[in-house]
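These notes concern the structure reproduced below.
Bear in mind these aren't lab numbers, they're just calculated from the coordinates by the rules spelled out. Just so we're clear, the structure is a prediction, and the values are computed from it rather than from any experiment. When we count neighbours, we look across all protein chains shown, and the Cβ atoms used for this are built from the backbone with ideal geometry, even at glycine.
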Amino acid sequence: MGRRHRAGPRDAIAEPWGTRTPYGPGGTWPVRVDSHLADGVAEDEVERWVRAASLLHSNGDAMDIAVRDGRVVGVRGRADDRVNRGRLDPKDLFAWQAGTSPDRLTRPLVRMDGELVETDWDTAMDRVAGRTRSLLDDQGPSAVGFYTTGQLMLEEYYTLAVIAHGGVGTNHLDGNTRMCTATAAAALKESFASDGQPGSYTDIDHADVIALFGHNMAETQAVLWARVLDRLAGPEPPALLCVDPRPTPAARAATLHLAPRPGTNVALMNGLLHEIIAAGHIDRDYIDAHTVGFEELEERVGEYPPERAAEICGVPAGRIREAARLLGSAERLTSTVLQGFYQSHQATAAAVQVNNLHLVRGMLGRPGCGVLQMNGQPTAENTRECGANGDLPGFRNWSNDAHVAELAEVWNVEPEQIPHYAPPTHAMQIFRYAEQGSIRMLWISGTNPAVSLPELARIRSILAREDLFVVVQDLFLTETAALADVVLPAATWGEKTGTFTNADRTVHLCEQAVKPPGEARSDLDIFLDFASRMGFRDKDGGPLVHWTDPESAFEAWKQCSRGRPCDYTGLSYAKLREHGGIQWPCDEDHPDGTERLYTDGAFFASPDYCESYGRDLVTGAPVEPVEYRALNPTGKAVIKAAAYLTPHEQTSDDFPLHLITGRTLYHFHTRTKTGRVPQLQKAAPEVWVELSAVDAEAVGAEEGDLVEVATPRGAVRAQARITAIREGVVFLPFHYGYWDEPEDADRHRRAANELTITDWDPASKQPVFKTAAARVTLVRRGDRPANAPTLTASAPLDPGFNATAGGASAVADQRIGERP
């Protein structure tokens, strides 16, 4: 073991990526252990350290929770974990404080005479079960819908999937992962016929070119960005390509930054592939042996020489050629994709072209040669594996009767009991059915659609319908919970046990450190209670949900995953306690897990095994089984071409700008947790709007002025932040709702999703948050700079502003080197 030394404390708000620990290609990422304890608590005063993983981003940072006197008092990164090697990001370091907020829900609430009032669990759950039974008797399973999150645990998602599909028998089950990770799953299914990330975070250790496509890694996965920064600081650093219209930290560090016009990603990718193929930077042997569809791609991208792509996407043709040379000359290319592609026009088609880049270059399954279609939430991978995003558990194919029969055997039910008469209902369609009145009960767990879904005026009106019975399961009285008929107080991270799987398939065990407050219960216990009250049975009369605690739920899930791409049968709680994070598949043949998929050029794509036969990228229509068998009888990777199509909403004289929304480093989703954490809330306390200097001048606005951003759907007012964002583009962070505003405030004037459009990608069904037409007008002059972060993509053009800092309360310890 190496010696440990202190790198010195840091203000983790002002220095979110911490001290550099440089390393070279093929090296091991050095250890740096980050920690933060509550004021007045010394490390030797911690009574217990309890293992966990990050809850507020998808990186999967492993950590230990510090406990004293029955309370969480801090966290410490885990040095021996493959994901973070001890590092923690600002949300990891400080967000544990949300669990001790005085705003926590501690008793169930039910609506009486128009008001939510406290009640006991029996009353609340009897009301939920009673309404479910009534609707099943009167209208059938399709009257009931479930909308969940990306922040529960595997065991909870699997239980929910069994209840919804096998118990209630509804096809209406999806998660808010539809907003962030649906296109990741869809792109993987289109190219490889199955979900599952081909690459690994360790590919960053080996790559000589790293390409970030619409991925603001520095803010969405800060610890992974620290890994990239450490490679950039070491010997033989990789070249970095960044595709993003905003000046993100990755863009500022990039060898080459491309800032395309929003909604034109497909045109840009076609231009890059045109040049790569024309220059011969392809692996013909790999293409011939392991793929189908190359000829169609070659013909399609032939229509997009750099000049045409440049005209569409607004990136100079010379820079497209330069980027193509960078990608085409890479010996070890690692690519990542996130919301800049996923939440934009033609989302799946664009993300698939990144897969195509790796397939035509033969860069999969080797160190440094991987593609990561990233997630936005900590357990988004689990929703997809377990079927809580609507798909069948275990990456089974809903249109393959043999897969349905296999799942029915696992659950010991008749195949007809599992709805597979049509594709699973996606979230936007669930809300449409509720709007139309066919869904009469909607159970929302761990998410806040009254802030996070597009076109919020419409969403609020749906949730407020008298004929819709709304159940909300959450930690706080969110904007959504305030509209509910029943509110169930849930336990959070650190208050329950279960497993998390991150974006590169790494499974972590998170253990209960403290008891939940008051009468709050874990989501698993709530679902088990509901299943018991409903009396769901298998075909032999036994309980459909036969497990009683997290570990037995995990063991049940293992059997469901057996033989599927996401095989967990080689894992156990004991093994995860001993070894830390392990990547699936982990089975008899891979007892230590699997670092990379497709190392031998074999895919999960055979017609009898695959999760999906694919979809038409323009219409979203499912490919018929017979068509897929004819195209791909031996289960190769599928290269799928796409033509650029113009966005549905175009700019105009009235709305001349492109509106995009997104995240900031210091908050997560709708700030349900992070808005209650002093260090994080201070760093980004209120909404702002980012403008280029040219666009600001056009409307007479300056830094800090109050401006109004309007689209055909509404308006938001915020202070202007003048940045190096692409001209013609305005940005709003989507985190801000209205739960903490005064009663007399104009509370619907700061949520970005007041402005976004009800539109979604045809293949992934992911809503479009980054392609809307907007205008900006000056409301009044300001007397101070915008209260927005200065270190991130929202960095001001004027360098004279005071930099974002956390002060004494945000100091985190850093220790470099192995633990003794």
antiparallel share of DSSP beta bridges within region 435-521, to nearest 5, in %, is 30 percent
Quick one: which of Lys558/Lys770; Lys496/Lys575; Lys496/Lys558 span more than 29 angstrom between C-alpha atoms?
Lys558/Lys770
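Note down, for region 112-165, the three equivalent ellipsoid semi-axes (square root of 5 times each alpha carbon gyration tensor eigenvalue), biggest first, whole angstrom. Show your work: numbers first, answer last.
Numbers: eigenvalues 101, 67, 22 Å².
They are 22, 18, 10 Å, listed from largest to smallest.
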Using alpha carbon centers only, region 674-732 is separated from region 256-302 by a whole-angstrom value of 35 Å
Here, the chain modelled as identical Cα point scatterers in vacuum has Debye log10 I(q)/I(0) at q = 0.07, 0.09 Å⁻¹ of -0.47, -0.82
Relative contact order for region 257-400: what is it in percent, counting Cα pairs under 8 Å that are at least 6 residues apart?
27 percent
Karplus (6.51, -1.76, 1.60) ³J(HN,Hα), θ = phi - 60°, over region 107-115, in Hz, Gly and Pro reported as x
9, x, 10, 10, 8, 10, 6, x, 10
Over the Cα atoms of region 568-698, how large are the radius of gyration and the largest Cα-Cα distance (Dmax), in Å?
24.0, 64
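State the volume of the convex hull built on the alpha-carbon positions of region 657-804, expressed per residue in Å³ and rounded to an integer.
Values: hull volume 17.8 nm³, N = 148.
Taking the convex hull of the Cα positions in region 657-804, it is 121 Å³ per residue.
Specify, per residue and in Å³, the volume enclosed by the convex hull of the alpha carbon atoms belonging to region 555-598. Working shown, then result.
Values: hull volume 2.8 nm³, N = 44.
That works out to 64 Å³ per residue.
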Report Rg (one decimal) and Dmax (nearest whole number) for region 1-129, counting Cα atoms only, units Å.
19.9, 66
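Which peptide among 362-374, 574-586 comes first, and what is the full order, when sorted by highest mean count of other Cβ atoms within 10 Å?
Working: 362-374: 24.2, 574-586: 19.0.
The most tightly packed comes first, giving 362-374, 574-586.
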To check you understand DSSP bridge types, tell me what percent of the beta bridges within the chain (both residues inside) are antiparallel, rounded to 5.
55 percent
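Taking the Cα centre of region 282-369 as the origin, how large is its charge dipole in debye, to the nearest 20, when only Lys and Arg (+1) and Asp and Glu (-1) carry charge on their Cβ atoms? Intermediate results must be reported in sequence, preceding the final value.
Values: 9 positive and 12 negative charges, 86 e Å.
Using only the charged Cβ atoms, the result is roughly 420 debye.
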Nonlocal amide H pairs with Arg537, under 5 Å, H built at 1.01 Å:
Leu544
Distance violations [Cα-Cα > 19 Å] among Lys515/Lys682; Lys189/Lys636; Lys91/Lys682
Lys515/Lys682
I need the helices of the chain that pass two filters: whole DSSP H segments spanning 24 Å or more by Cα along the axis, and mean Kyte-Doolittle score no lower than -1.0.
121-138
A correct Karplus calculation of ³J(HN,Hα) over region 632-643, with 6.51 cos²θ - 1.76 cosθ + 1.60, θ = phi - 60°, whole Hz and x for Gly and Pro, returns 9, x, 9, x, 8, 5, 10, 8, 10, 8, 8, 8
Which whole-Hz couplings ³J(HN,Hα) result when phi for each residue of region 495-509 is put into the Karplus expression 6.51 cos²θ - 1.76 cosθ + 1.60, θ = phi - 60°, listed in order with x for Gly and Pro?
10, 7, 10, x, 10, 10, 10, 8, 6, 10, 6, 8, 9, 10, 9
May I ask what percent, to the nearest 5, of DSSP beta bridges between residues of region 657-804 are antiparallel?
60 percent
Convex hull of region 50-194 built on C-alpha atoms - directionally averaged projected area, nm²:
12.9 nm²
Taking the Cα atoms of region 147-236 alone, what are Rg (to one decimal) and Dmax (as a whole number) in Å?
17.6, 58
Cα centre as origin, Lys/Arg/Asp/Glu Cβ charges: region 5-104 dipole, Debye:
340 debye
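Only Lys, Arg, Asp and Glu count, each charged at its Cβ (+1, +1, -1, -1), so figure out the dipole size of the chain about its Cα centre, rounded to 20 debye. Present the calculation step by step, with values, prior to reporting the outcome.
Values: 82 positive and 113 negative charges, 296 e Å.
My answer is approximately 1420 debye.
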